[in-house]
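No value in this document is a laboratory result; all are computed from the given coordinates. Not measured: the values here are computed from a predicted model. As a convention, Cβ positions derive from the backbone with ideal geometry for all residues, glycine included, and neighbour counts pool all protein chains shown.
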Amino acid sequence: MERLGLSHQVQAYDLVGSGCGGAIPNLQICKGLVSGSIDSVIVSVSVEICSATFQMSDDLSLIVSNAIFADGASATILCQRSKGLALVGSASLYDPQYRNDIRYIYRNGQLHNQISVLIPEIASKTVARVVMDLLKPRGLRIEDIQHWVFHPGGEKVINAIRNELGISETHLKATRDILARYGNMSSPTVWFVLQEILEKGIAPGDWCIMVAFGAGLCAHAFLLKAS
């Protein structure tokens, strides 16, 4: 805050514990704040230092984590204006029956990432449910969405989501490209995917869905519309 020269009266919130899905709950809070005043300017920041839990072991969860996770940060500015991406609405879904399939546990005084081999199947079904929770009340279908922004939880997870939703590989290109270039940076990663899509160009009137998921097990989706 000091380096940015922000006022000492600025409202600041520290949201923690949402893991890979955290960017969208953060965005949900920001939408409420920016809607409260036409002059509001909100900065949504996501930072993850995944290397802080790097360990060496023959445990499969650690091998997978070391292979795909990376450090990352993103910042997004939200304000009320006539052009850009409109925040239409969001949906969240929590499936606590799967909380032990993806979580951090303490082992020998360190955080240990625990990832079940069932995650591709579990995450894809939860993602499909939260997407439909978002689309159905608005009379929209999968086919109506021009742009998809997925948290790239890994190659198998991306494939499972593709199969569950029935979307084409074209809609997954940005997600796969970011995973290949930067890895899974936890919560900031969806913003990297969205930036990739924006740089390619979005036409006015296009629909876009951001989807993130993580420990809990939780899944979140945000519907955006280009103007």
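Odds and ends about this structure:
- Residue ID - surrounded by the most Cβ atoms within 10 Å (Cβ to Cβ), chosen from residues in segment 138-190 that are part of a helix (DSSP H, G or I), free of Cβ contacts under 8 Å to residues at least 12 places away in the same chain and of a type outside the set (A, V, I, L, M, F, W, C): 162
- For segment 1-39, the set of residues classified as charged (D, E, K, R) and part of a loop (DSSP other than H, G, I, E, B) consists of 2, 3, 14, 39, listed by residue number.
- Residue 68 being closer than 24 Å to residue 26 by Cα, surrounded by 12 or more Cβ atoms within 10 Å (Cβ to Cβ) and in contact (Cβ under 8 Å) with a residue 40 or more places away in the chain: yes
- Scanning segment 94-130 for residues that are assigned to a helix (DSSP H, G or I), polar (S, T, N, Q) and touching a strand residue (DSSP E or B) at 6+ places or on another chain (Cβ under 7 Å) yields a count of 1.
- Just one of the listed residues (82, 116) is over 15 Å from the mean Cα position of the chain (by Cα), of a type in the set (Gly, Ala, Ser) and either surrounded by 14 or more Cβ atoms within 10 Å (Cβ to Cβ) or within 16 Å of residue 20 (Cβ to Cβ) (or both), namely 116.
- Among (1) assigned to a strand (DSSP E or B); (2) among the hydroxyl-bearing types (Ser, Thr, Tyr); (3) over 15 Å from the mean Cα position of the chain (by Cα) - the single one residue 57 does not satisfy: (1)
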